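> The structure follows.
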Amino acid sequence: MQRKIMISLAAIVLLAVFACIFLVGQMIHRGFSTREQPGVVESSLATAMRDAAISARYKTMKNPVAVTPEAIQEGMDHWADHCATCHANNGSGDTMYGRTMYPRPPDMRQNDTQRKSDGELYWTIKNGVRLSGMPAFGAPGDDDMDSWKLVAFIRHLPSLSQSEEQGMEKMNPKSPQEMEEEQEEENFLNGSATRSQSQPTHHHGKETP
Ligand code: HEC
């Protein structure tokens, strides 16, 4: 009897060791690339852990900010400036960074995000998501109205209009070069096209008059 138990135990340990070797082998074989999509086991385990880590107090919390057009607008501006790099203006996550991060930012217009409670979304914005690219925003504390306005805007994502989306593009962060180009363009359109005349050129030597 004792021997039988010992043999079964040894078999289980051996199986576990083989399973580990197999999994580690697969990870090394695939590399740690962020191009892959997480598998079902990995994403359901990670999602369950994320879920369990948000306290019940937040899960039932409702947005204390009245969802007025002004609140949504403020959330929208904030989103365009701080969140759209990864999440895109329309929340699809289809951006240069979003497409190749691991895990990918979800399409926040879809049910998976929209059925989360206000408090869960708020908690995620404030605390970030460990082992993912999602940063923690705002100082710790419960009265961060900016984050609640972002929650209001996330609720508005599924009905975001095309003109709203275009308006957001002006708020998206720009590189100094893009800003310079835009300024030049504006100057040009305003008729003060002084582009190359007043500015030093990178190749020395005099400009021909
Ligand atoms: C550097 C990239 C990056 C930036 C910037 C970023 N996020 Fe995220 N965000 C992510 C990623 C990646 C996830 C997915 C995490 C996961 O799968 O667990 C995520 C997830 C979320 C979620 C959870 C969605 C869900 O369905 O569970 C919310 C809410 C969120 N982000 C809000 C924001 C807000 C608001 C901002 C701006 C203030 C922001 N994020 C900025 C990368 C980013």
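> Across segment 143-163, what is the total count of residues that are assigned to a helix (DSSP H, G or I) and surrounded by fewer than 17 Cβ atoms within 10 Å (Cβ to Cβ)?
Going through segment 143-163 one residue at a time, the tally reaches 6.
> Can you work out which of the residues in segment 24-49 that are in a helix (DSSP H, G or I) and open to solvent by 100 Å² or more (accessible area, probe 1.4 Å) is modelled with the lowest pLDDT?
Filtering segment 24-49 for residues that are in a helix (DSSP H, G or I) and open to solvent by 100 Å² or more (accessible area, probe 1.4 Å), the one modelled with the lowest pLDDT comes out as Arg30.
> Would segment 127-142 turn up any residue that is open to solvent by less than 30 Å² (accessible area, probe 1.4 Å) and modelled with pLDDT under 95?
yes
> Based on what the data block shows, is Val129 among the hydrophobic types (A, V, I, L, M, F, W, C), outside any helix (DSSP H, G or I) and within 18 Å of the chain's Cα centre (by Cα)?
yes
> Here is a further query. Count, please, the residues in segment 72-85 that happen to be surrounded by fewer than 19 Cβ atoms within 10 Å (Cβ to Cβ) and within 12 Å of the chain's Cα centre (by Cα).
The qualifying residues number 2.
> Do you know which of the residues in segment 94-111 that are polar (S, T, N, Q) and assigned to a loop (DSSP other than H, G, I, E, B) is surrounded by the most Cβ atoms within 10 Å (Cβ to Cβ)?
Thr95
> Kindly evaluate Ala66 against the criterion of being farther than 26 Å from His87 by Cα, open to solvent by less than 80 Å² (accessible area, probe 1.4 Å) and of a type in the set (A, V, I, L, M, F, W, C).
no
> Here is a follow-up. Return yes or no: is Glu165 of a type in the set (D, E, K, R) and more than 16 Å from the ligand (Cβ to nearest atom)?
Judged against the criteria, Glu165 is a match.
The values are calculated or read from the model by the stated rules, or taken from the named source; none is laboratory data. No experiment lies behind these values; they were computed from the predicted model shown. Virtual Cβ from ideal backbone geometry, glycine too; neighbours counted across all protein chains shown. The protein model used for the area step is the full one, side chains on, heavy atoms only, and it has no ligands, DNA or RNA in it. Shrake-Rupley method; radii C 1.70, N 1.55, O 1.52, S 1.80 Å.
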